[in-house]
Structures are given as C-alpha cells and as structure tokens.
Number of protein chains: 2
Amino acid sequence: MADLTLEDIAKQAGVSRSTVSRVVNNHPHVSEGVRKRVLEVIQITGYQPNAAARTLASQRSWMIGLVVPRSVSSFFTDPYFPHLTRGIAKGCNQHDYTLGLFLVGTKEDEEKILPRVSRSGLLDGILVQAGHHGDQVIDRLVQSTIPLVMVGRPFHTEGISYIDVDNIEGAYNAVSHLVRLGYQRIGTITGPSKSTVGVDRMEGYRKALNERGHTLDESLVTEGDFTEAGGYYAMQRLLPAKPDAIFAASDIMAVGAIRAAQEADLRIPDDIAFVGFDDVPLANHRDPKLTTIRQPVYQFGFSAVEILIELIENGREPARRVMVGTELIIRDTCGASRRR
Amino acid sequence: MADLTLEDIAKQAGVSRSTVSRVVNNHPHVSEGVRKRVLEVIQITGYQPNAAARTLASQRSWMIGLVVPRSVSSFFTDPYFPHLTRGIAKGCNQHDYTLGLFLVGTKEDEEKILPRVSRSGLLDGILVQAGHHGDQVIDRLVQSTIPLVMVGRPFHTEGISYIDVDNIEGAYNAVSHLVRLGYQRIGTITGPSKSTVGVDRMEGYRKALNERGHTLDESLVTEGDFTEAGGYYAMQRLLPAKPDAIFAASDIMAVGAIRAAQEADLRIPDDIAFVGFDDVPLANHRDPKLTTIRQPVYQFGFSAVEILIELIENGREPARRVMVGTELIIRDTCGASRRR
DNA sequence: TCTGCAATTGGGAGCGCTCTCAATAATCAT
DNA sequence: ATGATTATTGAGAGCGCTCCCAATTGCAGA
C-alpha cells in the first residue's frame, strides 16, 4: 500500500519514471494507451506519490497554515471558530491542499510557531485570524515573504490582503432597525476597541444614529469583551442610563446582557429590546429568541482559502480585499412583531 | 531570511554541510568551538532547515494529523472540540510537531482525505476522533499501517490504541449522587447508542441504579443526540413518566431538557433535578446552575498527542490504552444544597 | 618519537520526486 | 521516398537534507 515509488510503477507499467510522473500530474504529451496502462497500475497498487519528495522537487507543499494568534481568546467560547475552520477545511479539501493548524496559546508557543510557519518547504501560504492591535505574531507574520491572507481586517492594511465581514454595515443595519422601530435610547455594548471588529461595529452604531438624527449619548455606550460575563457586567453598567434598546456587538454578550436585564426585572422586549451580532444557534433556542445579524462564517472561511490560493498562484501584488455582507435576522428580542 | 541551505551556512561558518547538520540536530561529536561558530551563523542569518528535504531524507515528517470523521456532528455545537484541539495543538507544539487538520464533512471529503492522510511522507501519525459505529473513515484508517491513536474508545478495539474518558465511572458518579440525594424516579437522556460515549454513559446509569437497589424503568430512558433540541424533545417524551431527576448524557442536552421542564411549569430542582455531563461554561452561567461531570478535555487532547508520539517512536505494538478520570461538579440543579 | 585509539570532520550516496532537454517515433507535405 | 515537423518518451540533474563511512586530527601511553 505505502512505500511504492514512481520507479516501481514505471517498471510495472513498462515505461519510464518521467512518463508516470506525467500521468500522475495530468500533464499532456502522453499517449492514451500509455496513460491508461499507467493509471491501471496505480489503481491496482494504490500508489500515492510521496509528499515530501514532491514538495522538495517542485518547491510547492500544497499545504496552507491557519494561524490563530494569542489575542484571539474567543477561540473557545465562540461558535465562530468551528464554522470558520470548517469552511477553511472545505476550501483546502476542494483544492487539494492540506491544512496545518497553528494555535498560539502562550508566549512559548509563539516562539515555536513563528519559525516553523516561516520555514521553507512547509507552507505555501498562511491564513491569519485577525486579533488585537499590536499582536506580535500578526505583525511578524505580515512582514514575512510568504503569501498571506488575514481573516478579518487588521489595523494596518498597507499591502496586505484580507477578507472581512462588513461589520460597519451589519451594525448599521442592526441599529437602523431599532431606530425604525421607534426606540429612543439605544445603547450599545461594544467589542474590544483593540480589535477592528469592535471598532467597526461601534462605527456602524454611530453611523446609524447620526444618519437618523439621534445624538450619541456616551452613557449608553460601554465596552465588552465578547464573553457572556462581559455582556452581563456591561449591561449592569448601562442600566442606570435607562436604555430602551441595546445593540450588543455579539450574541454571546447579548445573552449576558439579557440575563442582567432580566435580573433587574425588565421584560424583553417590552421594557428593553436587544439586537445581537453573529447568529449563534444558542440565540435561536432561548426564550425570547434573539434578533441578530447573521454573518456567513462558513463561506467566509471558504473564500479566505480561495483568495489565498489565488495569491499563491499569481503573486502577492496587488493586495486583495474582499468584504462579505451580512443579514438581519428578525426574531423576538427587538419587539418588531408587537410594534409597528 | 528564507531559502538558505545547509551548504550556505556551512560555507559561512567554514565547515562542511555534515557538521552544520550535526549542530542543527544537536548531535554529539562536534567540538564546542565549531558548534558555537555555526550556531552564531544560524542565528545571524535566520536559517531554517527546509522541512521537505528533511522529511525526505529522514523519512520523518514531524507532523501528525487530526482526523474528525463525518459522523462527529457535534464539532460545531460542542465546546468539546475547541478545547480538545487546543490540547492537541499544545502537545504538538511542545514536542515540535506540526498539526494537520482533516475535517471530513461530506462523502467527497472522505475520498480526498483518506488517500491524503495515508500518503507516505506527509504524516508520522494520526489522531482520530471516535465517531459513530461503522463510520467508513474510522474503519479504513484503523487498518492502515501508520501509527494511530483513537480519541475516544471505538467499538472494536482489537489491536488499536486509544485514550478515553471514563464515561462509565462519570455517569455512575452522577447517578449515584442523585440516588444519594433521595430521588426515586431517576430518568436519563442518553447519547446516541451508535457511539461508545452514549453507550458507556448509559452503562454508568444502569450500574448506579443496580448497585443502589433501584430497578431500571424503561419509560425513564430515552435517547438524545447531544444537541439542545434533542434534549428538549427527549425531555418531552420523558415527562409523562413523571421523573423526579434526570441524568442527561451531555450538558447541551440538559439545557434543552431544562427548557422543556420549565415550559411544563416544573421548578428546578424542587420539582425535578438535573445532572449533566461535560461542564460546558454555558452550564455555569445559567440560572439555575447545572450540576455536572467535568472531563479534562484539554488534558485529554494533550495526552493523546503524547501517546501517539510514543507510538511513533516505539512502534504500534502493543496497543496503548489510557483512561482519564472525571469530576463531579455540584451546583444548583441537583438540589444538593436544599436536601440533606 | 612513535603507535593506537577516540573524537571530530568531510565526502558521498541517496531519499522520491519534477522538469529540462535530448532522443526517438510518428505524421505529414513534398 | 525523403526531409521536416510534431508528439511522445527517457535520461539525468538536482531539490536540501540525513546518515554512513572514511579521513583527519589530537592526545595518551609506551
């Protein structure tokens, strides 16, 4: 099964190594008869070309790496990652790439992983999940020469390729929806201001209020960290300002915020409305069901791979930028069904 | 930075390729002076040995693969996976292995992935997440010659190495706890009977009832699928049998079951008690907080890697088996604080 | 000083593939 | 039939490393 070489197949098929190589790689200039015969031998023997030898000779590993920096702590808590990973895995599979996973957990991990991913002969390209501003790994990776696509927009974008969800527009739509429903004191629980996700969703909130003639009240804005507990405490901070609606920059935070609101004996959506962001399954299983912004995470991962492959094949320049749209999912917590 | 070869380093340090190789691989028989000089050149130039060349020459790729079969659908819904993956990634990192991720989503994925993982020169060993009985990928992988460790016990274990959580004991402890608290009609929502996890947790339930003089009432047993919705419907099926306590084979199902119980106007734990399994963070953030069995998932993944590496280095025979223990986490839903 | 031995170093083959280039075979126009 | 042209095939070098073996060096003991 294993450990057959090109030469073995060649011998069995009565041709040369070169010819077998041509067949395996689907190159032209092989007569139909020979191609068929070689294919047959390969079929029977179950021959698989040796990955290392192929990589060494062709200088292409057909492997890409997904690097998740240390500052991406939501790896555990957020269903975002399983879906992203699935999309990426699917993309790799479909294009015959192997996926390497590099999770940076600690500073030591960082020291081991950085040299490894930039080592020649291992990866053809790298996908980096965007993290916090100033993350070591991201900064150092970006200046390597290997093709690279950021998943999520980084703070500094000069010359670097990325794919991102249109967070500004998503947040804008969420908040506009609340405005349209007539809410007057719309607060927000933002994501970390050290991440572009956090900043952009805040920007969308700001934009929606402005365009629709609301003034931004600082007492209705507070920062969360994309965790349930973070949302809970954020809501407690917001409560004194008497908001009648909240846009939470993530569903998980919305869940925490709702818990805090309920503990304060507020009814949802009668006393206070909520819109989240992400559309995690959880949000659809609770009562009341969460109105939210859905992002196509699976597709997002899949596309990231395709962009990277395009980069690998056609060069890094110019940098590619892709934005993907979102969708407003109206459920119970925004009160749309009972108002208007 | 990249594309330096051993030969380049050798030239710069005024020694031979062989000597540099010895230094890089920390082999003996290099004089201190030479070693220092070579190390210096490597330091300055940022040389990294070419992975493919090394793999080809040494027949070791220093890479292991994690294969997640199609029948493992909980990949998305369960926090188990992020933690497992983190543990595995940590193990790889610490032992200087690269981690390859192979998620099998569809039948087509299967056809692409199977040849790839068994291709020589790519992986030194494979970790396979246990899935359902009869899963193609698992069966075919197991009979390959490459070192392999199953994460979770498979149905047929002859000759194969695995690491597993002691599910029987965990479930036994959970149910024993309920018995001790005096509950009389203890029901269970099991996992799929096609998985050993499901079977074992059921076995623990059975064992606890038997040993403590309860008889097993079939109307108090129903099968779930490790999802929230599955738990919800399972609970609805159980309700007519009037259980006063439920052991759910996973927290996620417990959450669904609790929702169903609450909709039926049962108070928890006064009217009905719950114990889950997994200790997902979610379970600790809700009200009432879930009593559960904690499994050391991170450690589990880490150990799996170490077992695999041991296999790679010392051969597949004999098969290694490791069981890891669990811990009962007592919170609100079992009613321990108000009873006894 | 010389021999013997161990420690250190260098040279060479080879891992299994790709890819260029030359050789051969097949095809066609003349 | 002949030379020119093109399609098919094979040989060989080389990708960058490891590892064996032989050569060299250093040093202790006689």
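Enumerate the amide H contacts of A:E223 below 5 Å, restricted to partners 5 or more residues apart or on another chain; note that Pro and chain-start residues carry no placed amide H.
It is A:T190, by chain and number.
What residues qualify as long-range amide H neighbours of B:S161, i.e. H under 5 Å apart, gap of 5 or more or another chain, H built at 1.01 Å from N?
The answer is B:M150, B:R320.
Which distances in nm, rounded to one decimal and ordered from shortest, link the label point of B:T5 to the equivalent label points in the other identical copies, with labels set 7 Å from Cα toward Cβ?
Those label-point separations list as 1.9 nm.
Find the centroid of the Cα atoms in region B:252-326 and in region A:291-340, then give the distance between the two in whole Å.
Going from one Cα centre to the other spans 32 Å.
If I model a spin label at B:E7 and A:K207 as a point 7 Å from the Cα along the Cα→Cβ vector, what separation in nanometres do I get?
Calculated label separation equals 5.5 nm.
Can you work out ³J(HN,Hα) from phi for every residue in region A:176-182, in order, using Karplus 6.51 cos²θ - 1.76 cosθ + 1.60 and θ = phi - 60°, giving whole Hz and x for Gly and Pro?
4, 4, 5, 4, 4, 6, x
In the structure shown, do any of B:K90/B:K194; A:K107/A:K207; A:K207/A:K242; A:K90/B:K289 have a Cα-Cα gap over 27 Å, and if so which? Could the numbers behind the result be given before it?
Working: B:K90/B:K194 30 Å; A:K107/A:K207 38 Å; A:K207/A:K242 21 Å; A:K90/B:K289 37 Å.
The answer is B:K90/B:K194; A:K107/A:K207; A:K90/B:K289.
Distance between the C-alpha centers of region A:56-70 and region A:156-229? Whole Å please.
After rounding, the separation between the Cα centres reads 35 Å.
For region A:6-49, what class follows from the C-alpha gyration tensor (a ≥ b ≥ c being the square roots of its eigenvalues): rounded when a/c is under 1.5, otherwise prolate if a/b is larger than b/c, else oblate?
Details: a/c = 1.41, a/b = 1.37, b/c = 1.03.
It comes out rounded by the Cα gyration axes.
Distances from A:P288 to the same position in the other copies: list them in nm, one decimal, shortest first, using label points 7 Å from Cα along Cα→Cβ.
The projected label point of A:P288 is separated from its counterparts by 2.7 nm.
If you take all C-alpha pairs in chain A, what percent of them are over 26 Å apart?
Values: 32243 of 57630 pairs.
More than 26 Å apart: 56 percent of the Cα pairs in chain A.
Which of B:H83, B:H285 has the fewest other C-beta atoms within 10 Å, and how do the rest follow up to the most?
The order, fewest Cβ neighbours first, is B:H285, B:H83.
Taking the label point 7 Å from Cα in the Cβ direction, how far apart in nm is B:G159 from each other copy of itself, listed shortest first?
List, nearest first: 5.6 nm.
Using alpha-carbon pairs under 8 Å, 6+ residues apart, how would you state the relative contact order of chain B in percent? Mind dumping the intermediate values first?
Working: 639 pairs, mean separation 57.9, N = 340.
17 percent.
Once a ≥ b ≥ c are taken as the square roots of the eigenvalues of the Cα gyration tensor of the protein assembly as shown, is the result rounded (a/c under 1.5), prolate (a/b larger than b/c) or oblate (a/b not larger than b/c)? Write down the numbers at each step before the final one.
Working: a/c = 2.04, a/b = 1.36, b/c = 1.49.
Since a/c reaches 1.5 but b/c is at least a/b, the shape of the protein assembly as shown is classed as oblate.
Count the net charge of all other residues whose Cβ sits under 9 Å from the Cβ of A:G131, scoring Lys and Arg as +1 and Asp and Glu as -1. Walk me through the numbers before you get to the answer.
Details: positive: A:R70, A:K194; negative: A:D135.
Result for the neighbourhood of A:G131: +1.
If you build a Gaussian network model of chain A, linking Cα atoms that sit under 10 Å apart, which residue out of A:N93, A:N314, A:N25 swings the most?
Among A:N93, A:N314, A:N25, the largest GNM mean-square fluctuation belongs to A:N25.
For chain A, modelled as a GNM with alpha-carbon contacts under 10 angstrom, which of A:V149, A:V104, A:V175 fluctuates the most?
Result for chain A, Cα springs under 10 Å: A:V104 fluctuates most.
Hey, which lysines would be in cross-link range of B:K11, C-alpha to C-alpha under 16 Å, not counting anything within fewer than 8 residues on its own chain?
B:K36
Let a ≥ b ≥ c be the square roots of the eigenvalues of the Cα gyration tensor of region B:203-254; is it rounded (a/c under 1.5), or, if not, prolate (a/b larger than b/c) or oblate?
Working: a/c = 2.54, a/b = 1.55, b/c = 1.64.
It comes out oblate by the Cα gyration axes.
Work out the length of the dipole vector of region A:189-329 about its Cα centre, built from +1 on the beta-carbon of each Lys and Arg and -1 on the beta-carbon of each Asp and Glu, and round it to the nearest 20 debye. It would help to have the intermediate numbers written out before the result.
Working: 15 positive and 22 negative charges, 29 e Å.
Computed charge dipole of region A:189-329: roughly 140 debye.
Give me B:H29, A:H95 ranked fewest to most by other Cβ atoms within 10 Å of their Cβ, as a rough exposure proxy. Please list the in-between numbers first.
Numbers: B:H29 6, A:H95 15.
So the residues, fewest neighbours to most, are B:H29, A:H95.
Per DSSP H run of at least 4 residues, take -39500 (n - 2.57); add these up for chain A, divide by its residues and hand me the 222 nm value, nearest 500 deg cm²/dmol. Numbers along the way, then the final one.
Numbers: 13 runs with 149 residues, N = 340.
Helix-only estimate at 222 nm: -13500 deg cm²/dmol.
Hey, what do the phi angles of region A:188-193 turn into as Karplus ³J(HN,Hα) couplings, whole Hz, using 6.51/-1.76/1.60 and θ = phi - 60°, x for Gly and Pro?
Those phi angles translate into 9, 10, 8, x, x, 6 Hz.
No value in this document is a laboratory result; all are computed from the given coordinates. Since this is a predicted model, take the numbers as computed values, not measurements. Because the Cβ atoms are built from the backbone with ideal geometry, glycine has one as well, and the counts that use them run over all protein chains shown.
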